Every structure is written in C-alpha cells, then in structure tokens.
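Student: Got a structure here, written out as structure tokens. Questions coming.
Just so it is clear, none of the values below were taken in a lab; they were calculated from the coordinates. All values reported here derive from a predicted model rather than from experimental measurement. Glycine gets a Cβ as well: all are built from the backbone with ideal geometry, and neighbour counts include every protein chain shown.
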Amino acid sequence: MITPRREKQLQELETKLGLSFLNKSLLSQSLTHSSYAHESKEKIGDNERLEFLGDAVIKLVTSEYLYNKFPGHNEGDLTKIRAVAISDDILATVSKKLKLGPFILLGSNEKRSGGIDRKSNLANAIEALIGAIYLDAGLGKARDVLLELLIPDMEKISKVGYIKDFKSALQEFVQKKKWGLPAYNVLKETGLKHRKTFLMEVKIKGERCGIGRGASKKEAEQAAARVALSRVNRRNTKPK
C-alpha cells in the first residue's frame, strides 16, 4: 500500500519525467531496493525483476537509435558506443541529474552505508524505472523518456576518438554481468623481430570470445576485445 507521503513523492517524480503512471505501485516498486523489501513487514516486491526487463528495453532502444543515427558506423563501433552509453557510469550520472536517489527506498543498513549515492543502486534504479514505464505505458513512451535522458551522452560518446579502448568497454560489460575479468593470451607471433604480428585471443569464463591481430600485443588485444564485445552484446548470454 502506498502511503500519502510516498504518493506525493512519486507525483513529484512523474512531473520530472513528464508522465503519469496508471499503476503507481509499479512506479514505487521500480524504486524499491531489495534491502528495503527484505526489511519490510509487508510483502512488497523489489525492483530486481524490473531491472532485468528495463535492461532489455534500454538495449533495444539504444540499438535502434544508434542504428538509424549512424548509418556509416560498423557493428563494432555501434557496439562500442552502446556499451559505454548504457554503462553503470552513464546510467548513474543520468540518475544523479534526475536526483533519483532520494526516491529510492533502501533498507536501514544500505542507507547507512551510503546506498543512496552508490553507483550500482542509481544505475539499477534507472533500468527498473524504464522497465516500469514499458509495462505501464508501452515501448513508445519508454523510448521517449529514455532517449531524452540518454541522447546527450550518446551524441558525446559517438564523436570520433571519444572511445578508444575496447578492452575497457569489454571489461566494464563483463563486470556488470559478474562474469569475471577477460583473459588475454598470445596464440601466435609471426614476422621479423622489428615487424612482428601478434595473434591474440580473449577468453571470458574460460571460453574464447574473440581473436584479434595486430602489430603489437596491445593492438592485438584491442582487436580481440572488439570482436568479443560485439559477440557478447549480440547474444547476451553468459559464456560457459
């Protein structure tokens, strides 16, 4: 049950977002951390399932936007831009711009430990919020709200040279998924000492996810990471 105080708070957020939820309980749930749900005497849902749904909606909407906005970009470049645009860093920044922290219901321990400003909580709340908007008002409204929030960052990220490091983008992606760190191995070295070519693989959870070639180990690692980033984004399944 939503208290009058909570309802007033949710109305304030709706005004910020420029929408009105038909199901206010869905909005409240999207901003309910699991720690709060566990401490509550009433049986209330947390935002983890909505976070799961919102993550999928965000991927679809940003992929569609980037596909149409940058027809000259190849798959690797689009993947790289998307990986950074929907990273915890960017989503947490968006949350801070919305001043979303005070709207999130947190358990007492989580609140005391600084959970209101924790990057993961802020990023997860945005994902859950988008999931809730999708369920309450449909994909079109979720797209409108999300793009208004993310377009400035996607425009900035898409500038040539802004993202140069596929390894960092891949590492952030797999860490968010809790898959562990990528492991790079040299498969082959060919050529003369001053003109060598390196063939490098990258493994995630022991599974080879990309192979790259370069004139240095670093260059080959970046090439392998680019392939892996595209692959794990496309299938979005955990390596075995």
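Student: For the pair Glu219 and Glu39, what calculated FRET efficiency results from E = 1/(1 + (r/R0)^6), where r is the Cβ-Cβ distance and R0 = 45 Å, to the nearest 0.05?
Tutor: In this case the efficiency is close to 0.30.
Student: Of Met154, Gly114, Trp179, whose Cα points farthest to the positive end of the dipole of the chain (charges on the beta-carbon: +1 Lys, Arg; -1 Asp, Glu; origin at the Cα centre)?
Tutor: It is Trp179, whose Cα lies furthest towards the positive end.
Student: Something else now. Where is the GNM fluctuation largest for the chain (alpha-carbon springs, 10 angstrom cutoff): Leu122, Leu91, Leu60?
Tutor: Per the Cα network of the chain with a 10 Å cutoff, Leu60 tops the list.
Student: Let me ask something additional. Report the paramagnetic label zone for Ser120: residues of the range 169-205 whose backbone N is under 20 Å from a point 7 Å from Cα along the Cα-to-Cβ axis.
Tutor: 169-182, 205
Student: Helix 48-69: angle to the longest alpha-carbon principal axis of the chain, degrees 0 to 90, nearest 10?
Tutor: 60 degrees
Student: Would you please give the FRET efficiency between Arg112 and Ser25, computed as 1/(1 + (r/R0)^6) with r the Cβ-Cβ distance and R0 = 22 Å, to the nearest 0.05?
Tutor: Once the sixth-power term is evaluated, E becomes 0.25.
Student: Follow-up. Can you give me the angle between helix 217-235 and the longest principal axis of the chain, using Cα atoms only, in degrees from 0 to 90, rounded to the nearest 10?
Tutor: That works out to roughly 40 degrees.
Student: Still on this structure, please answer the following. Please report, in debye to the nearest 20, how large the charge dipole of the range 4-157 is about its Cα centre when each Lys and Arg carries +1 at its beta carbon and each Asp and Glu carries -1 there.
Tutor: 440 debye
Student: Can you list, largest first and rounded to whole Å, the semi-axes you get for the range 178-235 by taking the square root of 5 times each eigenvalue of its Cα gyration tensor?
Tutor: 23, 10, 8
Student: In debye, nearest 20, what is the charge dipole magnitude of the range 178-235 about its Cα centre with +1 on Lys and Arg Cβ and -1 on Asp and Glu Cβ, if you could check?
Tutor: With only Lys, Arg, Asp and Glu charged at Cβ, the dipole is about 100 debye.
Student: Please label the shape of the range 140-219 as rounded, prolate or oblate, based on the square roots a ≥ b ≥ c of the eigenvalues of the alpha-carbon gyration tensor (a/c under 1.5 means rounded; beyond that, a/b larger than b/c means prolate, else oblate).
Tutor: oblate
Student: A further question on this structure: In nm, to one decimal, how far is the Arg5 label point from the Ala183 one, both placed 7 Å along Cα→Cβ?
Tutor: Reported label-point gap for Arg5 and Ala183 is 5.2 nm.
Student: Next question, about the same structure. In the structure displayed, which of Lys111/Lys141; Lys8/Lys96; Lys8/Lys111; Lys59/Lys97; Lys16/Lys96 lie more than 23 Å apart, Cα to Cα?
Tutor: The pairs that break the limit, which is 23 Å between Cα atoms, are Lys111/Lys141.
Student: Where both partners of a DSSP beta bridge lie in the chain, what percent of those bridges are antiparallel, to the nearest 5?
Tutor: 95 percent
Student: Please report the net charge: other residues with Cβ closer than 14 Å to the Cβ of Ala92, K and R +1, D and E -1.
Tutor: So the surrounding residues net to -1.
Student: Considering the dipole of the chain built from charges on the beta carbon (Lys and Arg +1, Asp and Glu -1) around the Cα centre, which of Asn124, Ala92, Gly210 is farthest to its positive end?
Tutor: Checking the options against the dipole of the chain, the answer is Gly210.
Student: Counting every Cα pair in the chain, what percent are over 27 Å apart?
Tutor: It works out to 42 percent of all Cα pairs.
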